[in-house]
Amino acid sequence: MYKRNSQGWLKHIDFIIVDALILELVYLVISFIKLGYFPYLSKDYLTLGMFIIAADILTAAVFNTMHNVLKRGYYKELVHTLNHCVIVFGMSVVIMFTTKSGGVFSRTVVYFTFGGHVVLGYLWRIIWKKVVKQFASSQHKTAMILVADEKLIPEIVEHKSPTDDFEYVGVILSNGSGDYHIGDKICGLDIVADLENAADYICRVWVDEVFIYPSHLHELEQVRKKQPAYAAAVNSMHDEIFGGDPEQYSDVYEDGTIAALIDQCRQMAVPVHLRLPLNNISGKSFMEKVGGYNVLTKTTNYATPGQLAVKRAIDILGGLIGSVLTLLVLAAVTPMIKKASPGPVLFKQVRIGQNGKKFKMYKIRTMYLDAEERKAELMKENRIADGMMFKMDHDPRIIGNKVVNGKKVTGLGEFLRKTSIDELPQLFNVLKGQMSLVGTRPPTVDEWEKYKYHHRARLATKPGLTGMWQVSGRSDITDFEEVVRLDTEYINNWSISLDIKILLKTVKIVLGGDGAM
């Protein structure tokens, strides 16, 4: 029976558990030194101690901070350790603030626990990685046969990690130039068979598993319908699931093909690992079921249900707090807007959201009521050369903008835009689930209708109040392709921690007085 290795964050459960224990040990020692007694004798310190260990494990699970831990160098490990510890520290501060217990705890305990977690956590990871690698090199490893094109073998062998729990014990050439034959060596490995006699070799010489890397996808579909039994094999699900006569299905696949070898390994109950030749297609991939079929899904990026739940929780929390602020702002600016330009205070515009879904986006109205009608005549002043978005200096449609004695004067509308106050009502869209705090800029319908293939990538995620391009230049960026590149970069590298960084940078920019695009 094949033993499947742990997947996802559980793969490095040893690092996670000991890291949590180190954090708890640091907390206990620092608390004892500062307080003079065992901290768990205090209900408050006991609660905090239980919370930080839970927060540490939750951080590793949700943010997957131990991903590729065995492959990270000293500097990258330090960066990842700092990120992990900062998240745990931040969660601890938030819970103390929320429960109004911040004054109960010693700041010395909190800060020194954080510092000790960084130092000892980093040292633990470095030391344990060396132990794991040394232990892995001394363990019995699974004997695996490599099946691949001769030109691919050097790359495949080089890609293998010393910590892998298997070793290649031979090579079967799927095709080649004829320079290598059975008995020769390639990259230090013996060529033990070709596709014609591969199954016989695997049957007679003990092999634990087979790793197949075909050169082309069509190599997996070489099927010959030479027997009437083939139709029965396809049409009769009962026979396929519950058995039937095994000989009935023999010779369905053409001899000497990868497809035939896979089926022969199935008959021998030898596990087969199939690497699909999709190296040139960028993005992330994973196995799942679609319509009852096992498929390899290839996508730019993906989020786990846990990550989406955390992102939505942040949106709801931020939306609730922000909506209260928005109502207060509306109470203050409504009289001023109505005096300067009679009409509705809230501006509603149809925008394109995730995967092309249309929704009405809310903003505080900063333009006169005829702004949309005047847009066409002002297109020649558009700073975005390709017309994919609209932006101009001193837009006369903005409330209060005018020219007095040849001098450009701004007013209420420009102030609301400069401070991004006009965008606060979008928090209502966030609460409704149409937008997120962080995402991509939602295009207007006329902008969307001009999109080319690569522009469509911007719609792969929920639009946001702020995003990568907003904090990377904001109104200074006038090239739409640069906007697309930054939005695509955000989608490709999305994580909860990236959202938090963008939110913090947005606050800094808004307080610094930079305007929104």
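The values are calculated or read from the model by the stated rules, or taken from the named source; none is laboratory data. Source: prediction; values computed, not measured. Here Cβ is always computed from backbone atoms with ideal geometry, including for glycine, and neighbour counts include all displayed protein chains. Note: accessible area is taken over every heavy atom of the protein model, side chains too, but ligands, DNA and RNA are not part of it. Shrake-Rupley method; radii C 1.70, N 1.55, O 1.52, S 1.80 Å.
Computed over protein heavy atoms with a 1.4 angstrom probe, the accessible surface ordering of 128, 206, 469, largest first, is 206, 128, 469.
The gain in end-to-end length when the residue 86 to residue 290 segment is fully stretched comes to 69.6 nm, 0.36 nm per residue minus the alpha carbon separation. Between residue 275 and residue 182, full extension at 0.36 nm per residue minus the direct alpha carbon distance yields a gain of 31.2 nm. Annotation: amide H-H contacts under 5 Å for residue 301 (H modelled 1.01 Å from N, sequence separation of 5 or more, or interchain): 284.
Near the amide H of residue 166, within less than 5 Å, lie the amide hydrogens of 142, all on another chain or at least 5 residues away, with H placed in the peptide plane.
Given +1 at the Cβ of Lys and Arg, -1 at the Cβ of Asp and Glu and no other charges, the dipole of the stretch 388-441 around its Cα centre is 120 debye to the nearest 20. Ranking 374, 397 by solvent-accessible area of protein heavy atoms (1.4 Å probe, all protein chains present), from largest to smallest, gives 374, 397. In summary, the lysines within cross-link reach of residue 160, defined as a Cα separation below 19 angstrom excluding same-chain residues under 8 places away, comprise 11, 71, 129, 130, 133, 141, 151, 185.
So what's the net charge close to residue 460: Lys and Arg +1, Asp and Glu -1, counting the other residues with Cβ under 13 Å from its Cβ?
Charge balance near residue 460 sits at +3.
With a cut-off of 12 Å between beta carbons, the residues surrounding residue 300 carry a summed charge of +2, where Lys and Arg count +1 and Asp and Glu -1.
Taking a ≥ b ≥ c as the square roots of the Cα gyration tensor eigenvalues, with a/c under 1.5 meaning rounded and otherwise prolate when a/b beats b/c, else oblate, which class fits the stretch 321-466? List each step's numbers first, then the result.
Working: a/c = 2.22, a/b = 1.18, b/c = 1.88.
The shape class here is oblate.
Charge tally for residue 495 (other residues, Cβ to Cβ under 14 Å; Lys, Arg +1; Asp, Glu -1): +1.
Taking all protein chains together and rolling a 1.4 Å probe, residue 158 ends up with roughly 150 Å² accessible.
Give the shape of the stretch 77-171 as rounded, prolate or oblate, defined through the alpha-carbon gyration tensor: a ≥ b ≥ c are the square roots of its eigenvalues, a/c under 1.5 means rounded, and otherwise the shape is prolate if a/b is larger than b/c and oblate if not. Prolate. Judged by the ratio a/c of the largest to the smallest principal axis of the C-alpha gyration tensor, the stretch 387-465 counts as oblate, that ratio being 1.5 or greater while a/b is no larger than b/c.
In the complete set of protein chains, residue-level accessible area for residue 13 is approximately 60 Å², probe 1.4 angstrom.
Given +1 on the Cβ of Lys and Arg, -1 on the Cβ of Asp and Glu, and no further charges, what dipole in debye does the stretch 389-517 carry about its Cα centre, rounded to the nearest 20? Don't jump to the answer; show the numbers that get you there.
Values: 19 positive and 16 negative charges, 40 e Å.
Dipole magnitude for the stretch 389-517 comes out near 200 debye.
The figure for residue 263 is an accessible area of roughly 30 square angstrom, using a 1.4 Å probe on the protein chains alone.
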